[in-house]
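Encoded as C-alpha cells, the structure appears first; notes follow it.
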Amino acid sequence: MVENLEKKYEEILKWGALQGITDTPFPSSPSSSPPSSSSSSYRPDFEQQQEQSSCLGFSLEIAVFSDSEGGRGLAATRDLKKGEIILRVPKGALLSVHSAQQDKKLAEALVSYPSLSSTQVLCVHLLREVAKGRTSAWYPYLVHLPRLHHTLAHYTTSVESQALQVEEAVWVAEGAAETVRQEWNEARPLIKTLSLGRRFDSLRAWLWASATVSSRTLYVPWDKAGTLCPIGDYFNYACPGVTEHDPVNTQDLHGKDDAEANLEEDGDSSCGLEFADRLSDGGFESERNEYCFYAHQNYKKGEQVLLCYGTYTNLELLEHYGFLLLKNPNDKLLFRFSGLHELGPLSPGGPHNDPKNLYINFDGHPSFSLLAVLRLRAAPTTICKSHGHLALSGLQISPENDATAYRWLKVECEKLIVSFLTSTDDDFMLLKLLEACTSFHQVVAKALTICNCREQERVRRDSPLCATTSKEEKFSKELPTNVLTEIGKFEALASLKSNKSRGSSSDPLAEEAIVLEKWKLAVSWRLAQKRIIERCILHCARCLKCFS
Ligand SMILES: C[S@@+](CC[C@H](N)C(=O)[O-])C[C@H]1O[C@@H](n2cnc3c(N)ncnc32)[C@H](O)[C@@H]1O
C-alpha cells in the first residue's frame, strides 16, 4: 500500500484487527505460503495481525483503482489461488439488524414501529451510528464510507430520469426515487423518537443511508436487508461467469465495438469474453460465525481482487449500486416493439409470453422466448399447428420462416434506433465531452468550442475534443440540436442545485459534480442500450445472409 493510503486507513485497519477481521487463513488449515518478500518474519495469524495493528497485509491491501474499475478496492498482496480464503469478518463487526437489536435505545424504540422493513431498520441503525460520532463502535469504518452515491433513486428530477431515454428505465428511476421518499416518510417518526437531530432527519440523509445499504450490504441468511460488512464491502464488483476481468474495452461504448467486428468478420458473437460456471465468492458461515470471502479466480500480486455481488443488467447495477459496466454480458434490451401483431397472430394455444422473457441479449441475439414468439408469429396458422413445437424447443420451423422473423426484427430495430432523441454517434460525442469535464462551466465552454471548431482553426488545434483522428474528426463538426438542448437543460439544473446549496451546508461544486456524474451514467447507459440494438441489426443481417 502506498504510504499515504496506509496513513489514511491506519485507524480502520487497526480497528479491524481488534474486531478480529483478518485476511489470514483459517487457524486450523495448513498455512498458505507467506509472501515471498518477508517470508522469514511472517506469521499469518490473528495474533500477529493484532501486534501489527492491521487486519490486512497477508492477502489483501486497500488500493485505489481507476473510476471505471470501482475506485477504492482491495488488491492482492501476494499471488492468490482460486478458492483460497482471503478475508474473514466476525459477526461482531457486522452492522445489521442483529446489531441494531443490541443497541438498547434503538431496540426499545423499534417495538413501536413493527411495520418498518428490515432495510428501513438498517438505514436508521446506520444513521444513528453516524450521529453518535466518535462514540460509535463502528466509527473508524463509518468515516471511510463514500459520501456520494449515484443510484437511480438519486435521479430525482425529470431532466435526470429522462436522460435515460428508454421509457422503462425512466419508470424504474422515478419508482426508485418515489420508494425512497416513501420509506423515509415512514421511518421519520422513529428517527424523531431517537432524537438524531435535523441533519439526520432530512431526505438527503435518508437517500445517503438507503444508497449505502443498497450498494454495500452482503447477503445473510437471517435477514432480507443483508449486512454491512466492514472491509468486506471494499471489494469491487466482477461480473459472474467472466473468468478474466479483462481490461474494459472502451471501444465497446465509445466506438464500433469488437462484438460488431466479430459479427461482421466471422459471425462469432462471444464479444471476446470467456464464460465459466458461476462461482460463489463467499458468504456467512454460521459454524464459524464469520463472513468468509474466497478468491473466485487466481490473482497476481498487485491485481485488484473482485467479488461477484450477483447477476445484474446495467439498469439493475445503476439502480442498486450507482454504476454500470461497459462490457456487461448480463445486460439486455427489453423488447418493446408495439408492432409485433403485424408479423402475424399468435395461435391461442401458443406460449404465454411473460414480457420479462422477451429481450435482446448483450450480444444482439434475441432471447430464447423472443425468438420462439417471432418464429411462431411468422408462421402461417397451419404450419404453426404442425410445426409450432419446433419453435418452442428453440428450433427453426423452416429457413423461410426464420428469414421472415429476422427480417421483421431487423426492420423494427432500425426503426427503434432512429426513434431516440439522440443517435449513438451523438451519445458517443456527448460522453466524450462529459468525460473531459469536471464542471458545467467546462461542459459549456467545450461545447461552444466544438460548435466553433470549423470557423476557428486555432481553437481547433488547441482543443483535445477536436483532435485529428478520423473518428473524432467526424464528431468535431457540430453538436446536434438535441445534444445542445440537453446540455442547456442539465446546465440549468446544475446551477439551480448549486444556487440552492449556497443557503445550506452543502458545497455548490459538489452539487454540480453529482449532477454531472449522474448525467454521464445516464448517457453511458442509453448508449449501451443502443449498441445492443446495433448488434441485433448486424446479427439479423448475418442470419438473413445465411438464408439468401
Ligand atoms: C461494495 S462497494 C465497493 C467498494 C467501493 N469502491 C468503496 O470505495 O467503498 C460498491 C460500490 O463500489 C463501486 N463499484 C464497485 N464495483 C465497481 C465496478 N466494477 N465499476 C465501477 N464502480 C464499481 C460502486 O460505486 C458501488 O456502489
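The values are calculated or read from the model by the stated rules, or taken from the named source; none is laboratory data. Keep in mind that this is a model prediction, so the values were computed, not measured. Cβ atoms come from the backbone with ideal geometry, glycine included; neighbour counts cover every protein chain shown.
Would you confirm, using the coordinates I've provided, whether Trp222 is touching a residue at least 12 places away in the same chain (Cβ under 8 Å), away from the ligand (no atom under 16 Å from the Cβ) and buried (at least 18 other Cβ atoms within 10 Å of the Cβ)?
So Trp222 does not fit the description; no.
Just a yes or no: is a residue in the range 359-379 of a type in the set (Val, Ile, Thr), more than 14 Å from the ligand (Cβ to nearest atom), farther than 30 Å from Glu69 by Cβ and not in a loop (DSSP other than H, G, I, E, B)?
Within the range 359-379, the subset of a type in the set (Val, Ile, Thr) is 360, 373.
The next check asks that each one be more than 14 Å from the ligand (Cβ to nearest atom); those that pass are 360, 373.
Checking the rest, the ones that are also farther than 30 Å from Glu69 by Cβ come to 373.
Okay, now just the ones that are also not in a loop (DSSP other than H, G, I, E, B), so 373.
Looking for residues that are of a type in the set (Val, Ile, Thr), more than 14 Å from the ligand (Cβ to nearest atom), farther than 30 Å from Glu69 by Cβ and not in a loop (DSSP other than H, G, I, E, B), one finds at least one in the range 359-379, hence yes.
Would you say Ser68 is at pLDDT below 95 and either out of contact with any helix residue (DSSP H, G or I) (no Cβ under 8 Å at 6 or more places or on another chain) or under 24 Å from Ser286 (Cβ atoms) (or both)?
So Ser68 fits the description; yes.
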Query raised in the report: Of Glu511, Glu486, Glu472, which residue is among the acidic types (Asp, Glu), modelled with pLDDT under 90, out of contact with any strand residue (DSSP E or B) (no Cβ under 9 Å at 6 or more places or on another chain) and more than 30 Å from Arg199 (Cα to Cα)?
Result: Glu472
Requested in this report: Among the residues of the range 317-337, write down those that are under 13 Å from Tyr237 (Cα atoms), outside any loop (DSSP other than H, G, I, E, B) and either away from the ligand (no atom under 14 Å from the Cβ) or touching a Leu at 6+ places or on another chain (Cβ under 9 Å) (or both).
Outcome: Leu317, Leu318, His320
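Just a yes or no: is a residue in the range 280-303 under 28 Å from Cys536 (Cβ atoms) and away from the ligand (no atom under 16 Å from the Cβ)?
Taking the range 280-303 first, the residues under 28 Å from Cys536 (Cβ atoms) are none.
No, there is no match, as no residue in the range 280-303 is under 28 Å from Cys536 (Cβ atoms) and away from the ligand (no atom under 16 Å from the Cβ).
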Report task. Considering (1) within 16 Å of the ligand (Cβ to nearest atom); (2) without any contact (Cβ under 8 Å) to a residue 24 or more places away in the chain; (3) not polar (S, T, N, Q), say which one Glu174 fails and leave the rest. Result -> (1)
Report task. For the range 278-294, enumerate the residues that are modelled with pLDDT of 95 or more, part of a loop (DSSP other than H, G, I, E, B) and surrounded by 15 or more Cβ atoms within 10 Å (Cβ to Cβ). Result -> none
**Report entry** Output for the range 174-200, where each listed residue is part of a helix (DSSP H, G or I), more than 28 Å from the chain's Cα centre (by Cα) and at pLDDT 95 or above
**Finding:** Arg188, Pro189, Leu190, Ile191, Lys192, Thr193
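Do you know which residues across the range 92-116 are out of contact with any Lys or Arg (no Cβ under 8 Å at 6 or more places or on another chain), more than 16 Å from the ligand (Cβ to nearest atom), not in a helix (DSSP H, G or I) and not aliphatic (A, V, I, L, M)?
Filtering the range 92-116 down to residues out of contact with any Lys or Arg (no Cβ under 8 Å at 6 or more places or on another chain) leaves 92-97, 99-102, 104-105, 107-116.
Remaining after also requiring more than 16 Å from the ligand (Cβ to nearest atom): 92, 97, 99-102, 104-105, 107-116.
In the following step, the residues that additionally are not in a helix (DSSP H, G or I) were identified as 111-116.
Ser112, Tyr113, Pro114, Ser115 - these are the residues of the range 92-116 that are out of contact with any Lys or Arg (no Cβ under 8 Å at 6 or more places or on another chain), more than 16 Å from the ligand (Cβ to nearest atom), not in a helix (DSSP H, G or I) and not aliphatic (A, V, I, L, M).
Mind listing whichever residues of the range 520-543 are under 19 Å from Phe490 (Cβ atoms) and among the small types (Gly, Ala, Ser)?
Filtering the range 520-543 down to residues under 19 Å from Phe490 (Cβ atoms) leaves 520-527.
Ala522, Ser524, listed by residue number.
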Query raised in the report: Can you name the residue in the range 133-166 that is within 17 Å of the chain's Cα centre (by Cα) and of a type in the set (S, T, N, Q) and, of all such residues, is farthest from the ligand (Cβ to nearest atom)?
Result: Ser161
Report summary line: Within the range 79-100, residues being more than 17 Å from Phe284 (Cβ to Cβ) and out of contact with any strand residue (DSSP E or B) (no Cβ under 9 Å at 6 or more places or on another chain) number 0
Requested in this report: Go through the range 1-21 residue by residue and tally those that are out of contact with any Phe, Trp or Tyr (no Cβ under 7 Å at 6 or more places or on another chain), assigned to a loop (DSSP other than H, G, I, E, B) and at pLDDT 95 or above.
Outcome: 2
Query - Residues located in the range 117-144, provided they are in contact with a helix residue (DSSP H, G or I) (Cβ under 6 Å, 6 or more places away or on another chain) and in a loop (DSSP other than H, G, I, E, B) - result: Ser136, Trp138, His144
**Report entry** Close pairs from the range 301-327: first within 13 Å of His149 (Cα to Cα) and of a type in the set (Gly, Ala, Ser), partner assigned to a loop (DSSP other than H, G, I, E, B) and near the ligand (Cβ under 8 Å from one of its atoms), Cβ under 7 Å, at least 6 apart
**Finding:** Gly322/His149; Gly322/His150; Gly322/Thr151
